[in-house]
Amino acid sequence: AIIGAGPAGMSAAITASQAGVSVVVLDDKPRSGGQIYRNVDASPLPDAEVLGPDYTKGAELTTRFRRCNAHHIRGVTVWHVGDNGEILFSDNGTTKRLTARQIIVATGAMERPFPIPGWHLPGVMSAGSAQVMLKSDGLVRDEAIFAGTGPLLYLIVAQYLRLGVKVKALIDTTPKQNYLHSMTELTGAMRAPGMLIKGVGLLNEIRKSGTKIVSFAEDLKILGEEQAEGLSYPRAGKEYSLPASHIFLHQGVIPNLNMTQALGLEHDWCKQQLCWKPKLNRWGQSSKSHIAVAGDSGGIIGADSAAAMGRIVALNQLVNLGVISALEVESEAADDLTFVASQQRFRRFIDCLYRPLDQQRIPENPGTVVCRCEERTVADLKKGFELGGREPNQLKSQTRCGMGPCQGRMCGHTVSELLAHWRNQSVADVGYYRLRSPMRLVTLAELSQFTDVTPKANKTEEVN
């Protein structure tokens with residue numbers, strides 16, 4: 001069973017099904033492709049080419065995925081995975097269950113929280129959400145401000161501009177010192193010159209458009225009380241502000257790890273990417289023998305590397321199933337392993353250059369909201385800390401931070417880093433929330449409608 005149909009999940013499904021094993025792919029989206037290739041086969045735009053070749057090339061992979069023998073169950077939400085391989089998922093108001101001998105988690109990435117004053121106001125969204133609206137429904141917002149750092153931010157701004165959408169400003173928070181520090185990783189970056197050229201090209205495209213660009217911005221604040229009204233930033237001792245009703249924030253992506261955490265997999269704090277990620281070997285094998293993790297859910301590596309890791313992980317699980325030998329897998333996966341290693345060297349350069357500011361990951365303003373679900377501020381968390389909430393689960397009990405519908409997705413990393421700062425310890429020593437099933441909201445009515453799904457020879461049968 002493969003959870004997720006992005007580049008990693010689709011590639012894994014193609015590889016495993018070609019070997020003749022029964023494969024079921026569970027995906028929460030109506031179409032395959034994940035976030036990077038969302039709606040690539042049915043774009044709402046008159047010409048999807050404006051989104052760039054890195055998007056449109058995904059059509060080849062989604063086509064191959066549709067033609068393989070994997071059974072794709074779309075529009076479903078996995079909310080439990082057991083140690084016995086049992087998977088429970090929501091499907092159109094009912095609960096369904098299947099059991100797999102091997103499981104691949106390919107749930108991809110999510111955007112890093114950007115906890116600045118006012119980020120919880122209506123009108124403020126992540127830049128990735130702006131891209132979702134664009135790819136899914138062709139919706140855009142004129143005169144929006146894009147703020148933050150990283151390649152995805154620049155790509156989305158460029159996509160807006162190609163469509164003729166007016167962008168109010170790009171507020172770039174990449175610190176000046178990052179350009180110097182990243183030179184230590186330039187040798188690895190030069191192994192992928194095409195990626196460097198692509199990045200420079202995006203920035204030049206934005207500059208040539210005449211869009212207002214503010215570089216090296218710090219101390220961002222969203223203006224407004226009940227609705228976003230603009231964004232302010234200091235410059236040379238003065239406070240500047242720009243009016244806008246829509247503000248899109250972005251400071252990189254991190255693994256979407258609620259599922260891997262709820263599964264009880266071992267995790268490490270990654271100092272390079274400033275995030276938690278599951279502990280994996282080079283084959284994507286987790287601390288549990290029947291579970292592997294592929295793609296960005298195991299650490300941010302990008303779409304092409306995610307597809308390669310999908311193939312690598314699937315080949316290794318074929319060894320676990322006794323379908324191919326350990327000797328065969330080394331030969332079959334050699335090119336992909338080499339490619340991933342090369343891309344990881346480039347990734348070190350990207351992670352160094354676009355390392356987000358501490359002040360925009362570890363908020364100091366007492367009024368800044370950390371948990372948007374429960375509306376808990378830095379001041380609320382500090383009070384809980386002083387009352388004895390010295391690790392994430394204790395702080396959750398003291399403040400309810402992390403108890404909302406998102407189950408800590410948007411506050412978990414911030415809480416870990418805040419506690420590390422207050423305790424003067426490493427984030428690795430502080431830890432993360434302890435998560436359990438159900439991983440998503442489930443109603444009693446849904447649980448009363450229960451169906452077993454039994455995969456057989458590349459097809460499924462349902463038993464009520």
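Overview of results
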quantity: Residues that are in contact with a Gly (Cβ under 9 Å, 6 or more places away or on another chain), within 21 Å of Gly302 (Cβ to Cβ) and outside any loop (DSSP other than H, G, I, E, B), drawn from the range 26-58; calculated: Gly58
quantity: Output for the range 369-404, where each listed residue is farther than 25 Å from Leu223 by Cα, under 22 Å from the mean Cα position of the chain (by Cα) and open to solvent by 40 Å² or more (accessible area, probe 1.4 Å); calculated: Met403
quantity: Odd one out for Pro44 among (1) touching a Lys or Arg at 6+ places or on another chain (Cβ under 9 Å); (2) surrounded by 16 or more Cβ atoms within 10 Å (Cβ to Cβ); calculated: (2)
quantity: Any hit, the range 329-352, residues being under 20 Å from Pro7 (Cβ atoms) and hydroxyl-bearing (Ser, Thr, Tyr); calculated: yes
quantity: Residues within the range 132-164 that are open to solvent by 10 Å² or more (accessible area, probe 1.4 Å) and under 26 Å from Phe349 (Cβ atoms), tallied; calculated: 4
quantity: Residue match in the range 20-28 (condition: within 14 Å of Glu60 (Cα to Cα) and at pLDDT 95 or above); calculated: no
quantity: Residue in the range 167-179 that is open to solvent by less than 50 Å² (accessible area, probe 1.4 Å) and either among the charged types (D, E, K, R) or part of a helix (DSSP H, G or I) (or both) present; calculated: yes
quantity: Odd one out for Asp28, checked against (1) open to solvent by less than 60 Å² (accessible area, probe 1.4 Å); (2) out of contact with any helix residue (DSSP H, G or I) (no Cβ under 9 Å at 6 or more places or on another chain); (3) of a type outside the set (S, T, N, Q); (4) under 27 Å from Ser287 (Cα atoms); calculated: (1)
quantity: Contacts under 6 angstrom Cβ, first residue in the range 69-96 being on the phi > 0 side of the Ramachandran plot, partner outside any loop (DSSP other than H, G, I, E, B), 6 or more apart; calculated: Gly85/Thr99; Gly93/Glu446
quantity: Scan of the range 418-442 for residues that are open to solvent by 80 Å² or more (accessible area, probe 1.4 Å), in contact (Cβ under 8 Å) with a residue 40 or more places away in the chain and under 22 Å from Lys382 (Cβ atoms), ordered by number; calculated: His421, Arg434
quantity: When residues of the range 206-241 are limited to those that are open to solvent by 60 Å² or more (accessible area, probe 1.4 Å) and part of a helix (DSSP H, G or I), the one nearest to Gly367 (Cα to Cα); calculated: Arg207
quantity: Residues of the range 47-69 satisfying the condition of being surrounded by 20 or more Cβ atoms within 10 Å (Cβ to Cβ), at pLDDT below 95 and among the aliphatic types (A, V, I, L, M); calculated: Leu51
quantity: Flag if Val319 is surrounded by fewer than 23 Cβ atoms within 10 Å (Cβ to Cβ), of a type in the set (A, V, I, L, M) and touching a Gly at 6+ places or on another chain (Cβ under 9 Å); calculated: no
quantity: Residue list for the range 322-339, filter: assigned to a helix (DSSP H, G or I), among the small types (Gly, Ala, Ser) and open to solvent by 20 Å² or more (accessible area, probe 1.4 Å); calculated: Ala326, Ser331, Ala334
quantity: Residue within the range 340-354 that is assigned to a loop (DSSP other than H, G, I, E, B), among the aromatic types (Phe, Trp, Tyr) and either within 25 Å of Gly199 (Cα to Cα) or in contact (Cβ under 8 Å) with a residue 24 or more places away in the chain (or both) present; calculated: yes
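Matching residues to (1) of a type in the set (Ser, Thr, Tyr); (2) at pLDDT below 95:
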| position | (1), (2) |
| --- | --- |
| Val105 | no, no |
| Phe114 | no, no |
| Thr149 | yes, no |
| Thr173 | yes, no |
| Ser182 | yes, yes |
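The values are calculated or read from the model by the stated rules, or taken from the named source; none is laboratory data. All values derive from a computational prediction rather than experimental measurement. Quick reminder, even Gly has a Cβ in these numbers, built from the backbone with ideal geometry, and neighbours come from all protein chains shown. Side chains are part of the model used for accessible areas, which takes the heavy atoms of the whole protein and leaves out ligands, DNA and RNA. Shrake-Rupley method; radii C 1.70, N 1.55, O 1.52, S 1.80 Å.
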